[in-house]
Amino acid sequence: MSDIIRRDPRREWIARNRLHPLHDSVANAVQGEVRGPSGLLRKNPHQVGFIGPNGLKRIDRLKGNAVVGVGNKRSAANQEAVLPLHKVDNPDFYIVVVPDMVGGRLSGHDKDILGLAHTMVSTIEGNGAVVAVCFGESKETHYDLAGVDRLIHLSASEYEGFAPEARLTALTHIEAQLAPKHWLFPDSIHGGSDLGSRLAARLGERPAAQAWQVSGEQTVCRGGGGSLDISRQTPRILMLLEECGEAIDETRHEALAIEVDGISVSEPALQDKGLMDVDPSAIPLAEAEFILSAGNGIHNWDQFHKVATVLGATEGASRVAVDDGFMPRFRQVGATGTWVTARVYLAVGISGAIQHMQGIGQCDKVVAINTDAGCDMVKRAALSVIGDSEDILAELMLLAQARKKGSQEEQSDAA
Amino acid sequence: MQPNVVSLISIGRHPQSGRARRAEQDGRGVELGLKLAGEKLSVLHVGNPEEPVLRQYAGMGLPAMTVLKQDETADAVPALSDYLQQEKIDIVLTGVRSESGESSGMVPYLLAEKLGWPVVARVADIVSIKDGVAEVLLALPRGQRRSVTVKLPFIASVDNAAAPARQSAFGPGQRVRMESVNTHGEVDQIRVDWQEAPAKPRPKRLKTVKAKTAADRFKAATAKPQGGSGKVMKNESAAEKAKAIFDLLIEENVIR
Amino acid sequence: MVIDWLPSILIVVLLALGVIGALRRISLWRAGQPEKVNLIAGLMAMPGRYLNDLHHVVERDKYMSRTHVATAGGFVLSMVLVIAVYVFHVEQKIVTWLLLGALVLMLCGAFFVFKRRLNPPSRLSKGPWMRLPKSLITFALTFIVLTLPVAGVLPEGFGGVLLTLILSVGVIVGLGELLFGMGWGGPMKHAFAGALHLAFHRRPERFGGGRSTGLKPAQLGGESHGVAKPSDFKWNQLLGFDACVQCGKCEAMCPAFAAGQPLNPKKLIQDMVVGLAGGTDAKYAGSPHPVRKTGKEPGKEVGHAKGGANNIITAGLIEADTLWSCTTCRACVEECPMMIEHVDAIVDMRRFLTMEKGDTPNKGSEVLENIIATDNPNGYAPSSRTNWSADQNLPVMKEKKQADVLFWVSDGAFDMRSQRILRSFVKLMKAANVDVAILGDEERDSGDLARRLGDDATFQSLAKRNLATLSQYSFKKIVTTDPHAYHCLRNEYADFDTEGALKGVEVLHHTTFLNQLVQAGALKLDTFKGGKVTYHDPCYLGRYNGEYDAPRDLLRSLGIEVAEMERSRFRSRCCGGGGGAPITDIPGERRIADMRMEDVTATGAELVAVGCQQCTAMLEGVVEPRPEVKDIAEILAGQLIEEVH
Ligand SMILES: Cc1cc2nc3c(=O)[nH]c(=O)nc-3n(C[C@H](O)[C@H](O)[C@H](O)COP(=O)(O)OP(=O)(O)OC[C@H]3O[C@@H](n4cnc5c(N)ncnc54)[C@H](O)[C@@H]3O)c2cc1C
Ligand code: SF4
Ligand code: SF4
């Protein structure tokens, strides 16, 4: 509450007007800071110092710190969070960003694009506002900090979930209403590139897909299956890669709502039947994001399977584990098995033979549990723990169970 | 009823060698087409009928394929939509993105717009077709799937999560019947002005520390850099080791 | 006398039936594809081939070779004389005595065959083959008894009608087996088919101590590729299958069979016989293709395989997995007394599966696709082929144009382990001041893998492109550390070398080349002080190219006395890495490499020397603890005394 600066225009006006009867009392009240319309800190030169007992003006070299009233003092941390407000009155043009809003929140990708939108605004003549169009239920509370000047939030049920056609209809309305200078979409699997492409096709625009270096004038986007950089004039519709811009972090924005009326959504041709229930153990190994993989160093297989279930990990195996009949063949990771792309690969009792390593070349983080600190898997791993697999898996299981229990309680509390 | 399915194929590009090849997603599109329509699947390419890569597609067991003969610089969409309009077609399958040229992934959308059909993006599978309605599985990240139904006819772009293309065999590839149709495409004028260069590697964004104070800056400058060789835990207790792993799993957001 | 005419009639009738059967058999072979063979020269060469080459193989088992000489020699001689005596009534004493002698010889042989069959090893087929020695004995005894009166030892008419009848039965049994059975598919078929097989062998180069191991190029284009049906084999291949004596020598040597993979080379050849003649394998009485006990899908049990000359082989006769289990190690071919070419047949059938069906199992299709798109099996960027030698200062042919030695690096260039071998070899060449250059990024996969996986189209394309590159440069020798590439360059590229790129060029394996350097004193080597060392003969170096000695000489030059494994030299057991077997990876009960490592361990060696990067990879894939695995180049480089300049 207290970190939001509330401006009091009347008070500010009195402070400025030395003839006002209340001027003295206002001016002498120790104010934390006064901000100008652009959000910049303003100093009142008249207020610097105070009149000493002999009637002379004294400048306090302690910068008033000595006399700061206790009640008004803000902690340094809080002061940092209060960012200057970026205000756009009567914008000349709009740049519309349609974020993915994965899980109802702005993703990192979305924020990068909002940041980019502002850099684009700054290179275009005139006063531009960045508009975010959000569909469905929103859990986002910080549109202002992400750089949203104007917000169009369409929360009606027809936009909920998978509804590209309804969303497209809404976007064409927005096009008519705002005539945005640019449309920016995340080029993502979460619906951004789909919606962007739909809009481009509907509007007959030639979009830039996989764009990653964009200014108001020039756009560089990937082509030829990622092998080319195509430089071209910045088109109206852009689908942008991750890290195409820097997210906003030094200003606040108004996030003023814009209403769009009269959208009539017709019956969609695509009917959403919902997400499928995909069991982590049924996810194809190549697509799994978290793999718990077993090698020759696993001796308690029941425990291994249990840990995989509790952690929600997809199971993998070395060839030896498969050869010995403990794991099915399609679980084998490596040269003659599957080449996996997991973000986290937890290798338990796997020595790290070349043929196995070939299969995990694309994994981000490898974690090793092994008794042998000198084995190749430990050399490859970001984190290795040296010890008996059974002991460590047992502890891991306890941790996972405790966490599960905790989050269940939390849920039942909330209910 | 066996649906009339057309798979559109393009010339792919191997990411390592840059050589022409059967495109990954188009291959999957043909595979899905074969699953749905079997031998009756039509396979359509716009471009040069002499292109050897077409035989790699044909090697999947296609008795024939149709090539709309056109110059490489020409836009494929008008020729395709003209052709597709003439035929009685239920499903058009494409890749999500081509491996050569602009790779914008717009072809299915432009075709859908021209034909007035719905388009379904990133299809992992078409599960069933009943009474003119298809049940389609869409690919979401990390093995997740969404089920969607759509009325025929429609256009679907096939994701990498779809069943992989079967092996291409030399013999059938040599014997395919190429039916080439002359079309006159217009040169893609917009593209003429573009400049193309080999892709520059994009450096991964570093975690920039916006230091507010000198102390922060100092800390940022002297902090141990991330990455490099991994951390090895030897002498800690099993519980501590497990905790370290668990923390990493939480940090990486793989357990929920 | 009663028995005077009966045997004669029987002999003539059975002879006639035998001839009819033989003609029918010939017509079965003729269902195969035409192949040019010099009939007359072949027939003329046949006895020599039998006495020399075939015997050379049989001779490895002294017991059997003597037995066979006695039985077969006795039989052939006595048959000629029987016809002379009983059909043409040449009844001179000397002839009848000769006949008696031949029969006794045969009887002795048959007796030893019988003895061996009392407690036969598992590799031998049972069924009719158990009957054969008895039939042989019956034949010999019958005619001995018959001939005794003719020879005047016994009075004419001895024994009366009863004996005559008994002897007639004997004649029917004996001659039925030997003449009728020969033409109508009995065990004795092997004599007739075997003789013709020797005469019309598809690789006549193999006779007289020669070697012919390169695969024959597939005909590209046309309605089908490879062998789909038995009738797609060349006629003399079909004839070859018919020559099989079901001795099971191949089975005993086959690494895939021993590992419990679903391949028994003997059964495979018998399946081909079933295919060419039509019918089922119900009569087969040997070991089946192994059936994996832990696998879900049960393999075919004997009796369920059906085939016909014009039926698709993999649809009912044999499982595709049987074909994909083979490592193309040629142990079976090396061992076969009938000189049957298993590997040719297997690859021919694989060609159909890959080039027509697009059905190469497991990683096969991916690997082939990579080879097509990047010229290497793992799909690495072709431009990174020379990365390994960035610090080696190796001249590249593109700039150098000519050198004494062209170092064929092979796909080991992309593999970190193999690079250690390559570097060691480069170090040795530098120490010996060899004028060497590499092709660099212009080199491509040799095509070995594609060819063994049945994709001859890709092999031929690679061979042609490699040859085109080679033809631009001049060099005297090609040396490679990869026996597979060595085999292709040396034995298989010639079929496509229209430009003469390899004409007058010596293709050498690095062990041969290094041995030359050591013999010439170009390398100073320290004695090796490690523990016991054994040597594993790579199939593609040994059996394919006959190089058994150079590696051993090299080790000896380091003062190493090789502790030989029981299976070494031409009997070396494959590491499991050939023929694309690691890629098709057909499950068995055990890993071939594990068995080979057991062979190594049995010698008590701490180090196994090899001459092949693939063997190195396979043997190092065996879980530790196990003896160390090193290429000979690595061992040598370790002992190199570098001169300080
Ligand atoms: C052609 C070829 C292809 C191959 N393809 C593949 C492939 O695709 N995938 C594959 O995985 N392999 C493959 N291999 C096999 C590979 O070379 C190795 O043999 C295999 O990966 C080893 O498996 P491992 O690490 O489970 O077993 P090991 O090498 O035996 O390693 C077991 C590890 O567990 C540790 N350990 C033992 N006990 C414990 C304990 N109680 N707690 C914790 N740690 C313990 C040991 O220190 C050791 O590091 C291939 C080999 C070849 C030759
Ligand atoms: S080549 Fe080797 S693996 Fe193949 S059948 Fe013969 S012995 Fe067996
Ligand atoms: S193929 Fe040769 S080695 Fe094998 S059983 Fe027949 S004759 Fe014997």
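Please treat every number below as a calculation from the coordinates, not as lab data. Quick caveat, the model's predicted, so the values are computed rather than measured. A quick note on method: Cβ atoms are made from the backbone with ideal geometry, for glycine too, and the neighbour counts reach across all protein chains shown.
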Over chain B: helical MRE at 222 nm, DSSP H runs n ≥ 4 each giving -39500 (n - 2.57), nearest 500
-8000 deg cm²/dmol
Taking amide H atoms as placed 1.01 Å from N in the peptide plane, list the residues 5 or more away in sequence, or in a different chain, whose amide H sits under 5 Å from that of residue B:47.
B:68, B:69, B:70
When ranked by the protection proxy of mean other Cβ atoms within 10 Å per residue, highest first, what sequence do the peptides A:108-121, B:232-245, A:357-370 form?
A:108-121, A:357-370, B:232-245
Chain C, helix-only ellipticity at 222 nm - DSSP H runs n ≥ 4, -39,500 (n - 2.57), divided by all residues, nearest 500:
-13500 deg cm²/dmol
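Work through the residues other than residue B:74 whose Cβ is under 12 Å from its Cβ and net out their charges, Lys, Arg +1 and Asp, Glu -1.
Numbers: positive: B:69, B:191; negative: B:71, B:72, B:75, B:186, B:188.
Counting the neighbours of residue B:74, the net charge comes to -3.
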Around residue A:319, what is the net charge, scoring Lys/Arg as +1 and Asp/Glu as -1 over all other residues with Cβ under 11 Å from its Cβ?
0
Here, residue B:152 and residue B:204, labelled 7 Å along Cα→Cβ, have an inter-label distance in nm of 4.7 nm
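What length, rounded to one decimal in nm, is gained on full extension from residue C:30 through to residue C:83, with 0.36 nm per residue of separation minus their alpha-carbon distance? Spell out each step's value before the answer.
Values: separation 53, 0.36 × 53 = 19.08 nm, distance 2.93 nm.
Length gained, residue C:30 through residue C:83: 16.1 nm.
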Just to check I understand the Karplus step: with θ = phi - 60° and J = 6.51 cos²θ - 1.76 cosθ + 1.60, what whole-Hz values come out for the range C:16-25, glycine and proline as x?
4, 4, x, 5, 4, x, 4, 4, 4, 4
So what's the angle, to the nearest 10 degrees on a 0 to 90 scale, between helix B:24-37 and the longest Cα principal axis of chain B?
50 degrees
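How much net charge surrounds residue B:99 when only other residues with a Cβ under 13 Å from its Cβ are counted (Lys, Arg +1; Asp, Glu -1)? Show your work: numbers first, answer last.
Numbers: positive: A:222, B:13, B:19, B:21, B:22, B:28, B:97; negative: B:24, B:26, B:102.
Charge balance in the 13 Å sphere: +4.
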Going 7 Å from the Cα of residue A:156 along its beta-carbon direction, which residues of the range A:254-296 have the amide nitrogen within less than 14 Å of the resulting point?
A:259-268
Looking only at other chains, what is the average number of their beta-carbon atoms within 10 angstrom of each beta-carbon in B:232-239?
6
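Reported to two decimal places, what Rg/Rh ratio describes the range C:574-620 when computed on Cα atoms with Rh from the Kirkwood expression? Present the calculation step by step, with values, prior to reporting the outcome.
Values: Rg = 11.0 Å, Rh = 11.3 Å.
With Rg and the Kirkwood Rh in hand, the quotient comes to 0.98.
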To the nearest 10 degrees, how steep is helix B:238-251 against the longest Cα principal axis of chain B, on a 0 to 90 scale?
50 degrees
How big is the charge dipole of the range A:293-415 about its Cα centre, in debye rounded to the nearest 20, if each Lys and Arg gets +1 on its Cβ and each Asp and Glu gets -1 on its Cβ?
420 debye
Can you list the HN-Hα couplings for the range A:201-207, worked out from phi with the Karplus curve (6.51, -1.76, 1.60; θ = phi - 60°), rounded to whole Hz and with x for Gly and Pro?
5, 5, 8, x, 9, 9, x
In whole percent, what relative contact order does chain C give with Cα contacts below 8 Å and a gap of six or more residues?
13 percent
Kindly write out, for the range C:492-502 in residue order, the coupling ³J(HN,Hα) from the Karplus curve 6.51 cos²θ - 1.76 cosθ + 1.60 (θ = phi - 60°), rounded to whole Hz, with x marking Gly and Pro.
10, 6, 4, 5, 10, 8, 6, 7, x, 4, 10
Just to be sure I understand the model, the point goes 7 Å from the Cα along the line to the Cβ. What's the resulting residue B:85 to residue C:526 distance in nm?
8.3 nm
Just report the Cα centroid separation between the range C:371-443 and the range B:56-128, whole Å.
43 Å
Relative to the present Cα-Cα distance, how much length would full extension add between residue A:358 and residue A:22 at 0.36 nm per residue of separation?
113.2 nm
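Just need the Rg to Rh number for chain C, please, alpha carbons only, Kirkwood Rh.
Details: Rg = 28.0 Å, Rh = 26.9 Å.
Rg divided by Rh gives 1.04.
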If R0 = 35 Å, then residue C:393 and residue A:379, at their Cβ-Cβ distance, give a FRET efficiency to the nearest 0.05 of 0.75
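Any idea what diffusion coefficient the range C:533-638 gets from Stokes-Einstein, in µm²/s, Kirkwood Rh on alpha carbon pairs, 37 °C, 0.692 mPa s? Please report the intermediate quantities before stating the final value.
Numbers: Rh = 13.8 Å.
Using the Kirkwood radius from Cα pairs, D works out to 238 µm²/s.
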Order of B:104-111, A:192-199, B:42-49 by packing, highest average Cβ count within 10 Å first?
A:192-199, B:104-111, B:42-49
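So if we plug the beta-carbon distance of residue B:253 and residue A:85 into 1/(1 + (r/R0)^6) with R0 = 30 Å, what FRET efficiency do we get, rounded to 0.05? Walk me through the numbers on the way to the answer.
Values: r = 32 Å, r/R0 = 1.08.
Result of the calculation: an efficiency of 0.40.
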Taking the Cβ-Cβ separation of residue B:235 and residue B:128 as r and a Förster radius of 51 Å, what is the calculated FRET efficiency to the nearest 0.05?
0.30
Convert 20 °C to kelvin, take the viscosity as 1.002 mPa s, use the Kirkwood radius over C-alpha pairs of the protein assembly as shown as Rh, and evaluate the Stokes-Einstein diffusion coefficient in µm²/s, rounded to a whole number.
58 µm²/s
Calculate I(q)/I(0) for the range C:372-517 by the Debye formula, one identical point scatterer on each C-alpha and no solvent, and give its log10 at q = 0.11 Å⁻¹ to two decimals.
-0.36
In nanometres, the difference between 0.36 nm per residue of separation and the alpha-carbon distance of residue C:169 and residue C:114 is 17.8 nm
Report Rg/Rh for the range A:204-279, rounded to two decimals, where Rg is the Cα radius of gyration and Rh the Kirkwood radius.
1.11
Going by amide H atoms built from the backbone, whose H comes under 5 Å of the H on residue B:233, apart from near neighbours?
A:384, A:385, A:386
Just want to confirm a number: the relative contact order over the range B:9-59, from Cα pairs under 8 angstrom separated by 6+ residues, in percent.
38 percent
Among A:225, A:95, A:215, which residue has its Cα furthest toward the positive end of the charge dipole of the range A:85-257, with +1 on Lys/Arg Cβ and -1 on Asp/Glu Cβ?
A:225
Working from Cα positions, state the angle (0 to 90°, nearest 10) between the long axis of helix C:416-431 and the longest principal axis of chain C.
80 degrees
Name the trypsin sites (Lys or Arg not before Pro) in the range B:54-110 that are in a loop by DSSP and that have at most 12 other C-beta atoms within 10 Å, would you?
B:88
What is the average number of partner chain Cβ atoms found within 10 Å of a Cβ in B:186-198?
3
